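Novice: Below are the structure tokens for one structure; questions will follow.
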Amino acid sequence: MIRNNAFRAVRSAIAHQKRSLSLHEYRSANLLKSYGVGIPAGEAAVTPSEAEAVAKKLNLEDMVIKAQVLTGGRGKGVFDSGLKGGVKLISSPLEAKMYAEQMLHHKLVTKQTGPAGKEVTAVYIVEREFVRREAYVAILMDRASQGPIIVASAQGGMDIEGVAAETPEAIKTFKINIHEGVTDEIATAVAKTLNFSSKAIPEAAETIKNLYRVFDERDATQIEINPLSETTDNKVLAMDAKLGFDDNAAFRQEEVWSWRDLTQEDPQEIEAAKFGLNFIKLDGSIGCLVNGAGLAMATMDIIKLNGGDPANFLDCGGGATEKAIEKAFELITSDNKVTAIFVNIFGGIVRCDNIAKGLIAVTRHMDINIPIVARLQGTNLAEAQELLNNSGLKIFSFVDLDEAAQKVCQLSKVVKMAREIDVNVSFELPL
């Protein structure tokens, strides 16, 4: 149960940071359009005057202005400007300008962003389409079948997780042979699953094939269209799109990666990535420095089991160098809630004594005044323990994971209580 809770706390952040680039809706829409996928007419704007100009250019009575921010639940969000809702119906250029002024460079707070919110960097003004049916389509890689799958449901325009929980039979899955791609037969079968009219089936099938081309040619990890709609005149349009792209393919997808909006990402996570660190800030008081995502999750679990709360997820991978350790400590100690640091590293590729030397050097250089518990395992462990124990620093060395976790939770509580009564605490290192 604890493992599941820890996993939920970080899984979306890990996926976003490490494995997948997300694009703004207008960027995704333009990419889909270039592959022949139907989208509503519209353009993005980055200033209120541009928003007004786009609305004039569209010259329509029924339009929608959407805040461009990488979070779900925009429609129910609240801006720090006081405006409620990041998606608004408009009917004139003046309204476009008015709403853009209240959205652009203001923070939108949603269930996904938390109280900090995210700054809106653009608005997307599109034609309001009147639809007769809304469906859901997604293409992603499936571990079980070790290949792409298409997930389709006639119940679109809503939370697909809710549909899966309440009416799982409404969601159909189609396995795709990665060597053959989406055949005409599969595309038609998916289109019929969406419950579109017979007039729209051919266009819907062609849309499915085009979406798969985007997935395949652009190294996507996810193509999610919710809703894929049939309009009153039987056209098939992608009304909203969420696209993710594999960061391992960045070298061959330069155009896609040029659309990355760094303002939507955590500055600390961006800085950590420069040093090969996978860092995600959490709400606890025990800083974690671990190598390997699985070991990091286990470390978070055992901290929770012993009554503590992790302050971060930090995976330094196989590169636990002195520079990486120093950057990791900078990130951890920048959070003033941190009262102890837990270093849990398996020294396989990197020797334990080298890790210990780096840890000692960084601790001295940074003058860290909170206790550090180090649990090392692997090559040259005995030498590493001797170095740590003779360092004269507040570094507690352990071999057993349970004992190390108990100690770091105990020390964290002591420091926390000492801070509350504003006293200094000294610690006796174990003999």
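The values are calculated or read from the model by the stated rules, or taken from the named source; none is laboratory data. Nothing here was measured: the structure is a model prediction, and the numbers come from that model. Here the Cβ positions follow ideal geometry from the backbone for every residue, glycine too, while neighbour counts run over all protein chains shown. SASA here: full protein model, heavy atoms, side chains in, ligands and nucleic acids out. Shrake-Rupley method; radii C 1.70, N 1.55, O 1.52, S 1.80 Å.
Novice: Cross-link partners among aspartates and glutamates for LYS57, C-alpha distance below 15 Å, same-chain residues fewer than 8 apart left out?
Specialist: GLU43, GLU95, GLU127
Novice: Note down, for region 41-128, the three equivalent ellipsoid semi-axes (square root of 5 times each alpha carbon gyration tensor eigenvalue), biggest first, whole angstrom.
Specialist: Working: eigenvalues 96, 26, 20 Å².
Calculated on Cα positions only, the semi-axes equal 22, 12, 10 Å.
Novice: Any chance you could get the radius of gyration and Dmax over the Cα atoms of the chain, in Å?
Specialist: Rg, Dmax (Cα atoms, Å): 25.7, 81.
Novice: State, to one decimal in nm², a quarter of the convex hull surface area for the C-alpha atoms of region 293-347, i.e. the direction-averaged projected area. All intermediate terms of the calculation are to be shown ahead of the outcome.
Specialist: Numbers: hull surface 15.3 nm².
So the Cα hull casts an average projection of 3.8 nm².
Novice: To make sure I understand the rule: partners must be lysines, Cα under 25 Å from the Cα of LYS199, and not fewer than 8 residues away in the same chain. Which ones qualify?
Specialist: Straight-line reach from LYS199, under 25 Å: LYS33, LYS172, LYS209, LYS235.
Novice: Taking only C-alpha pairs under 8 Å that are 6+ residues apart, what is the relative contact order of the chain in percent? List each step's numbers first, then the result.
Specialist: Numbers: 865 pairs, mean separation 54.7, N = 431.
Rounded, it is 13 percent for the chain.
Novice: Return the aspartates and glutamates within reach of LYS327: Cα separation strictly under 18 angstrom, same-chain partners fewer than 8 residues apart disregarded; answer none if there are no such residues.
Specialist: Reachable aspartates and glutamates: ASP266, GLU269, GLU271, ASP315, ASP335, ASP367.
Novice: Please calculate how many Å² of accessible area the chain carries per residue, with a 1.4 Å probe and no DNA, RNA or ligand atoms counted. Write down the numbers at each step before the final one.
Specialist: Values: 21030 Å² over 431 residues.
Per residue, the chain has an accessible area of 49 Å².
Novice: Right, here's the next one. Amide H neighbours of GLY156 under 5 Å, at least 5 residues apart or on other chains, H built in the peptide plane: list them.
Specialist: Under 5 Å from the amide H of GLY156 lie the amide H atoms of GLU134, ALA135, TYR136, each far enough along the sequence or on another chain.
Novice: Suppose R0 equals 51 Å; then what is the FRET efficiency for ASN234 and ASN369 from their Cβ-Cβ distance, rounded to the nearest 0.05?
Specialist: On the way: r = 69 Å, r/R0 = 1.36.
It comes to 0.15.
Novice: A further question follows. Given H placed on each backbone N at 1.01 Å, which residues far from ALA374 in sequence or on other chains put an amide H within less than 5 Å of it?
Specialist: Counting only residues 5 or more places away or on other chains, the set is VAL343, PHE396, SER397, PHE398.
Novice: Please give me the summed charge of the neighbours of ALA384: other residues whose Cβ is under 9 Å from its Cβ, Lys and Arg +1, Asp and Glu -1. Write out the running numbers ahead of the final one.
Specialist: Working: positive: ARG351, LYS357; negative: ASP353, GLU383, GLU386.
Within the 9 Å Cβ shell, the charges total -1.
Novice: For region 130-258, what size does the Cα cloud have along each of its three principal axes, sorted from largest down, in whole Å?
Specialist: So the extents along the principal axes, rounded to whole Å, are 42, 30, 28.
Novice: Would you mind putting 23-31, 79-87 in packing order, based on average other-beta-carbon counts within 10 Å, highest first?
Specialist: Details: 23-31: 21.8, 79-87: 15.6.
Top of the packing list down: 23-31, 79-87.
Novice: Further question: Heavy atoms only, probe 1.4 Å: what % of the accessible area of the chain goes to carbon and sulfur, would you let me know?
Specialist: Working: 10410 of 21030 Å².
Result for the chain: 49 percent of the exposed heavy-atom area is carbon or sulfur.
Novice: How big is region 267-421 along each principal axis, measuring the range of its Cα positions in Å and listing the largest first?
Specialist: Dimensions of region 267-421 along the principal axes of its Cα atoms: 40, 34, 29 Å.
Novice: Would you mind computing Rg(Cα) / (2.2 N^0.38 Å) for region 184-320, counting N as its residues? Let's see the in-between values first.
Specialist: Numbers: Rg = 21.5 Å, N = 137, 2.2 N^0.38 = 14.3 Å.
Rg over 2.2 N^0.38 Å, computed on Cα atoms: 1.51.
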